[in-house]
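Remarks on the structure that follows.
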Amino acid sequence: MLRFTKMHGIGNDYVFVDCTKESPADLPGLARRISDRHFGVGSDGLICICPSDRADFRMRMFNADGSEGAMCGNGIRCVGKFLYDRRMTERTVLTVETAAGVKELRLRVEGGKAVGATVDMGEPTLGKPLVVPIAGKEITFTPVSMGNPHAVSLCPCPEDINLALLGPAAEHSPCFPGRVNVEFAAVESPRRIRLRVWERGSGETLACGTGACAALAALASQGLCEREVTAVLPGGALEVRWADDGHIYMSGPAVTVFEGEYEHGTDEREFPEAARQLPLL
């Protein structure tokens with residue numbers, strides 16, 4: 001049996017596993033099974049908390065399709081809460097190694113529990129705007145890397161976007177050979193933006209921390225908003241600041257939903273040959 005904790009950052013939910021002493025086998029396969037919202041626990045992916053030689057701890061993040069991601073802004077805040085609430089650390093400022101580099105977290109603690117964090121997300125890397133033909137349309141995207149790849153498009157109303165159509169079409173566009181996270185963003189005011197996100201490997205999610213940072217970088221670099229904004233997503237809001245040192249700092253909550261045990265044996269749906277050999281009734 002695998003002990004796990006279900007957590008979320010403004011609706012972007014993950015299953016968290018303590019791998020500091022032992023790690024399950026086949027993490028991509030486990031991520032696919034455990035993320036299934038009908039046959040598993042249900043989540044946007046799997047996050048493993050591991051030892052690190054470079055930082056206090058290491059985070060490995062897997063999308064719902066089993067692909068490994070470099071960074072997760074909402075997930076890393078929950079990592080901080082996981083560690084602090086379980087007394088795996090007494091520090092309120094700690095470092096976490098990710099595939100996108102070492103990130104610093106400053107935890108917000110209330111009543112002996114971590115309730116949120118501010119994360120130094122590092123410096124964004126912006127590319128030149130691209131006009132991408134998808135689904136019979138030509139849509140302009142600004143490429144932004146936050147350690148993982150994003151494509152941000154300005155639109156008047158993200159709620160009106162057919163994200164189920166445009167999201168996967170953009171994710172798999174030949175313009176983005178490694179696939180990409182997709183943001184459709186609107187500017188409500190100089191200090192407030194609104195966006196929806198299609199995440200590479202997971203589909204539409206209620207929130208995306210790196211996506212909010214990418215949207216701020218894309219919009220602020222074009223003078224469309226200030227460098228410090230509230231980013232509103234379907235699951236809630238994040239405070240995002242592009243500081244003078246070039247780094248983007250993201251602040252938001254972290255919530256524990258429940259803890260449980262998962263029997264992570266063979267999923268017969270992955271072995272149709274065996275299923276076909278079952279006797280007919």
Given the C-alpha centroids of the stretch 111-159 and the stretch 62-98, what is the distance between them in whole angstrom?
-> 20
Rounded to two decimals, the Rg over Rh value of the stretch 113-157 from Cα coordinates and the Kirkwood Rh reads 1.17
Quickly work out the ASN162-to-ASP26 label distance, labels modelled 7 Å from Cα along the C-beta direction, and quote it in nm with one decimal.
-> 3.8
For the chain, calculate the relative contact order in percent as a whole number, restricting contacts to Cα pairs under 8 Å that are 6 or more residues apart.
-> 20
Report the normalised scattering of the stretch 60-172 as log10 I(q)/I(0) at q = 0.20 Å⁻¹, calculated by the Debye formula with identical scatterers on the alpha carbons.
-> -1.07
Residues other than GLY116 with Cβ under 13 Å of its Cβ, Lys/Arg counted +1 and Asp/Glu -1, net out at +2
List the residues whose amide H sits under 5 Å from the amide H of VAL115, counting only those 5 or more places along or on another chain, with H placed 1.01 Å from N in the peptide plane.
-> ARG108, VAL109, GLU110
Tell me, what ³J(HN,Hα) does each residue in the stretch 13-20 have, in order and in whole Hz, if you take phi through Karplus 6.51 cos²θ - 1.76 cosθ + 1.60 with θ = phi - 60° and put x for Gly and Pro?
-> 9, 9, 9, 10, 10, 7, 10, 5
Just give me a number: lysine pairs in the chain, eight or more positions apart or cross-chain, with C-alpha atoms less than 19 Å apart.
-> 5
Using the Kyte-Doolittle scale, find the helices of the chain whose mean hydropathy is at least 1.0 and whose Cα atoms extend 15 Å or more along the helix's long axis, counting only whole DSSP H runs.
-> 209-221
A correct Stokes-Einstein calculation for the chain, using the alpha-carbon Kirkwood radius, 20 °C and 1.002 mPa s, returns a whole-number D in µm² s⁻¹ of 111
Report Rg (one decimal) and Dmax (nearest whole number) for the stretch 202-259, counting Cα atoms only, units Å.
-> 12.6, 44
The answer for the net charge of residues other than TYR84 whose Cβ lies under 9 angstrom from its Cβ, with Lys and Arg +1 and Asp and Glu -1, is +3
At 222 nm, what helix-only mean residue ellipticity would the chain give, in deg cm²/dmol to the nearest 500, using -39500 (n - 2.57) for each DSSP H run of four or more?
-> -5000 deg cm²/dmol
More than 23 Å apart: what percent of Cα pairs in the stretch 1-144 qualify?
-> 41
Relative contact order (%) - the stretch 71-203, alpha-carbon pairs under 8 angstrom, separation at least six | 15
Directionally averaged shadow of the stretch 125-246, computed from the convex hull of its alpha-carbon atoms, nm² = 6.7
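Every number here is computed from the coordinates shown, using simple stated rules; none is lab data. Everything quoted here is computed from the prediction, not taken from an experiment. Please note: Cβ atoms are built from the backbone with ideal geometry, for glycine as well, and neighbour counts cover all protein chains shown.
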